[in-house]
Amino acid sequence: MKKLFLFITICLTTVVHANPIDDLINRIDNGASKQFDIQLENNSTRDFFEIDNAPNGRISIKGNSWVSIATGLNWYLKYTAGIHLTWNNMRADIPSRLPRVTKKIRKETNLTLRYDFNYCTFSYSMAFWDWDRWQKEIDWMALHGVNLPLAIVGEEVVWRNMLLKLGYSKDEIGRFIAGPAFLAWWEMNNLEGWGGPLPDSWYRQQEILQKKILKRMREYGMHPVLPGYCGMMPHDAKDKLGIDVTPGGSWNGYTRPANLSATSTEFDRIADLYYKELTRLYGKSDYYSMDPFHESNDDASINYAEAGRKLMEAMKRVNPKATWVIQGWTENPRPQMIESMRMVIFWCSTYSQNVVLCSGHHLYGNVNRVMASMGGFSVCSRILGPTLVCMGVSTNCSTTGDWQIVRPSKTRRRNSEVSVSPWKVLRTIRSCSNL
């Protein structure tokens with residue numbers, strides 16, 4: 001009986017003391033977590049981290065969330081220990097004798113949401129990532145304060161299962177869902193089937209991968225943005241199912257999916273079927289991404305206001321507290337589609353909604369966009385006021401020029417603007433010190 005009691009006590013102690021930051025530190029340098037005192041404090045109305053010296057040569061890092069603490073860890077490693085972690089190297093030799101801080105460091109922000117990715121990133125860079133690579137990326141996001149990541153891996157599994165239930169065959173689904181490197185443009189309603197069909201092994205693999213990704217994101221306390229139902233249907237849905245759809249036309253020569261008419265009697269049933277399958281596989285979310293009518297001309301036959309209302313209602317039936325996340329890009333979102341709705345628009349926009357100002361570097365090779373975004377942050381913050389809830393990064397591709405991402409993440413914690421040249425010099429010194 002004593003042995004059983006001891007075993008239960010040990011297990012409970014392990015659960016109480018285990019935290020994702022210790023695991024993160026040990027992935028950076030195995031065994032190094034014992035040199036840090038990690039404390040989670042939920043008594044602040046603002047996101048913060050605090051760094052101070054602790055007894056026995058350890059360093060204390062406190063924060064109101066695991067992501068805040070991870071950001072504090074990254075701050076200490078960079079500016080006190082001289083260790084710079086990058087996309088290309090998430091390992092480092094943390095010194096056995098940690099450098100002491102000269103005084104307590106506290107950083108806080110009122111930008112409650114920190115966004116990462118856009119759909120293109122998942123095809124340009126991430127199409128064939130495995131769990132080992134995704135684990136590094138999630139750690140990297142936590143170190144840079146991201147708590148609102150787009151999470152669309154395995155969306156094709158939801159669609160396959162839903163379409164099977166609607167009566168589509170595997171062959172028909174294979175002609176609709178795109179191949180791995182083109183899934184982003186299929187998910188944005190731009191094309192059908194290009195690069196497909198996908199084998200059954202792909203669906204099994206991506207379902208398992210997405211579940212691992214979401215588990216780790218949620219362990220950090222992040223809020224994954226899951227793919228919501230945007231009204232997309234195969235272009236032949238009218239002939240196949242007899243439902244009311246608006247033809248999507250073409251996009252750069254590709255056949256576009258159709259749009260399920262908001263006035264269709266089948267809209268709620270199909271939307272609910274989608275969310276039921278999404279929830280069964282990946283759980284519920286407080287944020288869903290939907291970008292209907294992406295890169296399409298205005299169509300007089302579409303009631304954009306009614307479409308927005310129906311999409312929002314379908315999402316709210318899953319989670320009444322959920323927020324619609326939409327990419328403000330070219331003609332989207334149509335003003336009449338989003339009036340009086342609760343949503344977050346990423347990229348910079350003039351709508352009277354919550355806005356996430358994102359840098360979009362690598363957009364058609366224009367890396368200077370990130371500098372314009374950073375310079376525009378203080379301007380937009382003055383113009384948008386309380387509607388600016390966050391700063392984010394919506395890269396078209398990943399792992400090419402990490403300084404362009406690091407600087408935006410720093411701006412979230414600064415109380416003033418950071419000049420570019422000294423920052424780049426410091427970045428260069430840190431990089432060279434790790435050679």
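The values are calculated or read from the model by the stated rules, or taken from the named source; none is laboratory data. Predicted model, so just to flag it, every value in this text is computed and none were measured. All Cβ positions, glycine included, derive from the backbone under ideal geometry; neighbour counts span all protein chains shown. Note: areas computed on protein heavy atoms with side chains; ligands, DNA, RNA excluded. Shrake-Rupley method; radii C 1.70, N 1.55, O 1.52, S 1.80 Å.
In segment 181-192, is there at least one residue being in contact with a helix residue (DSSP H, G or I) (Cβ under 7 Å, 6 or more places away or on another chain) and either surrounded by fewer than 17 Cβ atoms within 10 Å (Cβ to Cβ) or without any contact (Cβ under 8 Å) to a residue 40 or more places away in the chain (or both)? Scanning segment 181-192 turns up at least one residue that is in contact with a helix residue (DSSP H, G or I) (Cβ under 7 Å, 6 or more places away or on another chain) and either surrounded by fewer than 17 Cβ atoms within 10 Å (Cβ to Cβ) or without any contact (Cβ under 8 Å) to a residue 40 or more places away in the chain (or both). For segment 101-118, a residue qualifies if it is charged (D, E, K, R) and in a loop (DSSP other than H, G, I, E, B), and the qualifying residues are LYS103, LYS104, ARG114. Within segment 83-103, being at pLDDT below 95 and among the small types (Gly, Ala, Ser) holds for one residue alone: SER96. Looking at segment 1-38, which of the residues that are among the polar types (S, T, N, Q) and open to solvent by less than 70 Å² (accessible area, probe 1.4 Å) is modelled with the lowest pLDDT? Ranking the candidates gives THR13 first.
Beta carbons closer than 8 Å, at least 6 apart along the sequence or on distinct chains, pair a first residue in segment 299-319 that is over 17 Å from GLU266 (Cα atoms) and in contact (Cβ under 8 Å) with a residue 12 or more places away in the chain with a second that is open to solvent by 50 Å² or more (accessible area, probe 1.4 Å) and of a type outside the set (Gly, Ala, Ser) for TYR304/GLN336; ALA305/GLN336; ALA305/GLU339; VAL318/LYS284; ASN319/LYS284; ASN319/ASP286. Only one entry of ARG100, ARG91 meets the criterion of being of a type in the set (D, E, K, R), under 21 Å from ARG133 (Cα atoms) and over 21 Å from the mean Cα position of the chain (by Cα), and that entry is ARG91. Within segment 161-173, being surrounded by fewer than 22 Cβ atoms within 10 Å (Cβ to Cβ), touching a residue at least 40 places away in the same chain (Cβ under 8 Å) and of a type outside the set (S, T, N, Q) holds for MET162, LYS165, LEU166, GLY167, TYR168, GLU172. Considering segment 225-238, the residues that are under 15 Å from ILE152 (Cα atoms) and open to solvent by less than 10 Å² (accessible area, probe 1.4 Å) include one that is farthest from the chain's Cα centre (by Cα), namely TYR229. Within the set ALA262, ALA258, ALA322, ALA271, the sole residue that is within 21 Å of LEU163 (Cβ to Cβ), open to solvent by less than 20 Å² (accessible area, probe 1.4 Å), among the aliphatic types (A, V, I, L, M) and within 23 Å of the chain's Cα centre (by Cα) turns out to be ALA271.
Quick one: how many residues across segment 208-247 are in a strand (DSSP E or B) and under 22 Å from ASP116 (Cβ atoms)? Residues that pass the stated criteria total 3.
When PHE128 is tested against (1) open to solvent by less than 50 Å² (accessible area, probe 1.4 Å); (2) outside any helix (DSSP H, G or I); (3) closer than 17 Å to PRO199 by Cα, only condition (1) is not met.
Just to check your reading of the model, which residue among LYS78, LYS62 is open to solvent by 30 Å² or more (accessible area, probe 1.4 Å) and at negative phi?
Working: LYS78 fails: open to solvent by 30 Å² or more (accessible area, probe 1.4 Å).
Being open to solvent by 30 Å² or more (accessible area, probe 1.4 Å) and at negative phi holds for just one of LYS78, LYS62, which is LYS62.
Looking only at segment 225-257, residues that are out of contact with any Phe, Trp or Tyr (no Cβ under 8 Å at 6 or more places or on another chain) and more than 13 Å from ASN189 (Cα to Cα) come to 10 in all. Just so you know, in segment 274-300 the residues that are among the aliphatic types (A, V, I, L, M) and in a loop (DSSP other than H, G, I, E, B) include one that is surrounded by the fewest Cβ atoms within 10 Å (Cβ to Cβ), and it is ALA300. Across segment 78-93, the qualifying residues are those that are of a type outside the set (S, T, N, Q) and not in a loop (DSSP other than H, G, I, E, B), and the one among them that is nearest to ILE28 (Cα to Cα) is LYS78.
Exactly one residue out of GLY249, GLY195 is open to solvent by 20 Å² or more (accessible area, probe 1.4 Å), free of Cβ contacts under 8 Å to residues at least 24 places away in the same chain and at positive phi: that is GLY195. If the condition is being closer than 20 Å to ARG216 by Cα and out of contact with any strand residue (DSSP E or B) (no Cβ under 9 Å at 6 or more places or on another chain), then segment 46-87 contributes ASN74, LEU85, THR86, TRP87. Of all the numbered requirements in (1) in contact with a Lys or Arg (Cβ under 9 Å, 6 or more places away or on another chain); (2) surrounded by fewer than 22 Cβ atoms within 10 Å (Cβ to Cβ), ASN147 misses one, and that requirement is (2).
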